[in-house]
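One structure is given here, and the rest of the page talks about it.
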Amino acid sequence: MGVTQNYVNISRRQPDVEDYIDMLRRYRSWIIGPMYAGLVISVVIAFIWPDTYVSSALMRITPQQVSEHLVPSELTQQMSDRLAQMEQQILSRTDLVELITRPALNLYPKERAQKSLEDVVQDMRTKDIKIAMYDAPGANSDRRFASAFQISFRYSDRFKAQAVVRELVSKFTEQNENAQADQIRLTTNFMDDELKRAKAHLDEMQGRMTAFEIENNGRLPDQFTANVQAANTASMEASRMADQLNAAQTQKLMLENQLTNYINDEKYVQGNAERTINAPNVAVKNQQLINVESELQRAKSTLASMQKMYGENYPDVNQLKASISSLEGQKAELEKSQTEQNSAAQTAPVKVQDPAAQAQLENLRDNISSVKVRIQAAQLEIERLTQAQAEMNKRVGSFQARIDQAPLNQQQYVQLNHDLALAKDDYDEKSKRRDMAQTSQNLTAHKAGEMLELLDPADLPEQPVEPNRPLFAASGTAIGLVLGLVLAAIKEMKDTSLKNLKDVRAYTNLAVLSSIPLLENALLVRRKRRLFWLAWSCAFVVGTIAVSSAMYFRFFGRS
C-alpha cells in the first residue's frame, strides 16, 4: 500500500527589482531574439513595400466678377452639390477606363494582370483618387480659400501621379464650363417656354376680361355707384318732365276754352257788324286802310306771341316779320292816296260795316289766331315732353336693369380680375427670371461669371507618403520586444524551481547557513557558449542578407 502524499499550495513570492534583473539576465535570448526578428522582418517589409507618391492640386470656384447687387446670379447651386455632380461625371467608369488604358500612362499594369478592369477602376476611385473640400489654416480670415477643394492621386510612379492630377484638373475645368453652359442654356430655354406660356395665359385672360366688359358694358360691379347716381338723376328728370307735361296739358285746356269763347264772340259780333250811312267815296278807301291796319295789328300781336314762345330764330317768326313789313308798305301807300283824294270827295249813301264792330271783330280774329298758335305750340310742347318722358322712363328702366344685374356679375367679375392679376404677376415674374437668365448667359460669354480657378497646380512629389520605413522598423522592433517579454514571462511562470536564497527562505522557512555555487562541466559550458554565439551569428548573417536583399530590390530591382 502506497504512502499518501500531502501537497500544500504556496503563493508565489512577490518579485522585486533584483528578481526582474535576474529574469532579464536569464531570458535575455528570449527577449532579444524576437526583437531582432521583428526589426529584420519590418525592415525587409518596409523596403519591399513599393513607394507610393501623392500628387495634389488646389482649385476653387471664384465668384462672378460683377456685383450680385447689379446682376444677380442664377447659378445658386451649392459648392458641395456642384462638386459632387462633377465628381460623379469625372470619376465615371468610362472616363477612368480611358485614363487607365491611355498608352501615355498605362496605369496599374500588374493589377490589371491579376484582377478585372472593373475592380481596378473601383480601387482607383475609392482608394487612390481623393477629392475633398479644402480647409486652409486661417480660412475664416482669408477668403482666398473660402470655396477651394483639393484633388489628389496616389500612385507608385510620381510622374504618372502628377500627370493624372493634371488630367483630372483639366477634366474639372472642362466639366465646369460645360455644366455652366448646359445649365444656363437649359435655364434660358426653360424660361423662354415659361414666358411664352405665361404670355399666352395673360393674353387669354385679357381677352376674356375684354369680352366680359364688352358683353356687360354698364352692368359691371365697379359701375354700380355710377348707375345708381344716373338712375336717380334720370328719375328726377322724369319727374320734372311729368310736372312740365301736366302744366302744358293744363295750359292747352285753358287755351282751348279761351278759343271757344273767342269763336262764339266772333259769331255774335259778325251778325251785328253792318249799317247804312252817308259817307264820301273815300269811305271805301278808309275801310281798306282800316282793314290793313287791323291786319297789321293782328300780325304784330301774333309776332309778339311767337317770339315769346319760339324765340327770334324760328322760321315762322322770320316769315311773319316779312309779312308785317309788306303790310306796313301797303298802309303807307293807302295813307298817301287818301291825302290826294280828300279834296274831290263826294258824299253818297252806302251800306258799310260798323267800324267799332269791325274793329272788335278784327280784335277777336287776332285773339283767335293768337290762341290757335299758342294751342299749336302747347300741343308741340306736349308731344315733345311726352316723347322725352318716355325716353327718360326707358333710360331709368335701363339703369335699374343694370343695377339689378350687377350682383349677378359680381362673382364672375371678381374671379376674372383675380385670374388676370395672377396672370400679370406670373408674366412679370417669368419675364424677370428670363432677363436674369439672359444676363447670366452674357456673363458666362464674357468670362465675368462664376469660374473654376486653379490655385495650386499639380505638384511633382519628391518623397513618398508610404511606407514610412523608420516607423516600420521601430514598430517591428517594438512588437518583437513585446513578444519577447511575453515569452519570457510565460517561461518564468512555468519554471517553479528555487532560484536564489530569497526563494529558499520564502518557501522552506528554514535557516540558510551557507550556499554552494553551481559547479558545471567546463566542456559543457564551452559547448553552450559556442552554440549561443553560432546561433546569434547565423541570425545576424541571415538578417543582414535579408535586409541587404530588400534594399537591393528597393533601389535596383524595380524596372
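The values are calculated or read from the model by the stated rules, or taken from the named source; none is laboratory data. For clarity, every value in this text was computed on a predicted model and none was experimentally measured. Cβ placement follows ideal geometry from the backbone for every residue including glycine, while neighbour counts extend to all protein chains displayed.
Considering the conditions (1) of a type in the set (Val, Ile, Thr); (2) modelled with pLDDT of 85 or more; (3) part of a helix (DSSP H, G or I), Ile184 is excluded by exactly one of them, (2). For Ile61, indicate whether it is outside the structural domain of Gly484 (by TED's automatic domain parsing), at pLDDT below 80 and in a strand (DSSP E or B). Judged against the criteria, Ile61 is a match. Scanning the stretch 525-549 for residues that are aliphatic (A, V, I, L, M) and in contact with a helix residue (DSSP H, G or I) (Cβ under 7 Å, 6 or more places away or on another chain) yields a count of 3.
For the stretch 1-53, a residue qualifies if it is at pLDDT below 80, within 30 Å of Met551 (Cβ to Cβ) and of a type in the set (A, V, I, L, M, F, W, C), and the qualifying residues are Ala46, Phe47, Ile48, Trp49. Could you tell me whether any residue of the stretch 284-291 is farther than 13 Å from Leu334 by Cβ and either exposed (fewer than 13 other Cβ atoms within 10 Å of the Cβ) or modelled with pLDDT of 75 or more (or both)? The answer is no; no qualifying residue exists. One residue is enough: does the stretch 16-27 have a residue meeting the conditions surrounded by fewer than 16 Cβ atoms within 10 Å (Cβ to Cβ) and among the basic types (Lys, Arg)? Yes, that holds for at least one residue. Restricted to the stretch 157-169, and to residues there that are among the charged types (D, E, K, R) and under 44 Å from the mean Cα position of the chain (by Cα), the residue that is surrounded by the fewest Cβ atoms within 10 Å (Cβ to Cβ) is Arg166.
Among all positions in the stretch 143-156, there is no residue which is of a type in the set (D, E, K, R), buried (at least 17 other Cβ atoms within 10 Å of the Cβ) and either part of a loop (DSSP other than H, G, I, E, B) or at pLDDT below 65 (or both).
The residue list Asn468, Asn509 contains one member that is at pLDDT below 75 and surrounded by 12 or more Cβ atoms within 10 Å (Cβ to Cβ), which is Asn468.
Working only within the stretch 471-485, note down all residues that are surrounded by 15 or more Cβ atoms within 10 Å (Cβ to Cβ) and β-branched (Val, Ile, Thr). Residues satisfying the conditions are Thr477, Ile479.
Residue pairs whose Cβ atoms lie under 9 Å apart, sitting 6 or more positions apart in sequence or on different chains, and linking a residue in the stretch 227-248 that is over 17 Å from Val396 (Cα atoms) and modelled with pLDDT of 80 or more to a partner that is among the polar types (S, T, N, Q) and surrounded by fewer than 16 Cβ atoms within 10 Å (Cβ to Cβ), are Leu245/Thr386; Ala248/Gln379. Restricting the stretch 386-413 to residues that are of a type in the set (A, V, I, L, M, F, W, C) and at pLDDT below 75, the residue that is nearest to Gln249 (Cα to Cα) is Phe399. Restricting attention to the stretch 114-136, does a residue exist that is in contact with an Asp or Glu (Cβ under 7 Å, 6 or more places away or on another chain), farther than 30 Å from Trp533 by Cα, small (Gly, Ala, Ser) and modelled with pLDDT of 80 or more? Looking through the stretch 114-136, none of the residues is in contact with an Asp or Glu (Cβ under 7 Å, 6 or more places away or on another chain), farther than 30 Å from Trp533 by Cα, small (Gly, Ala, Ser) and modelled with pLDDT of 80 or more.
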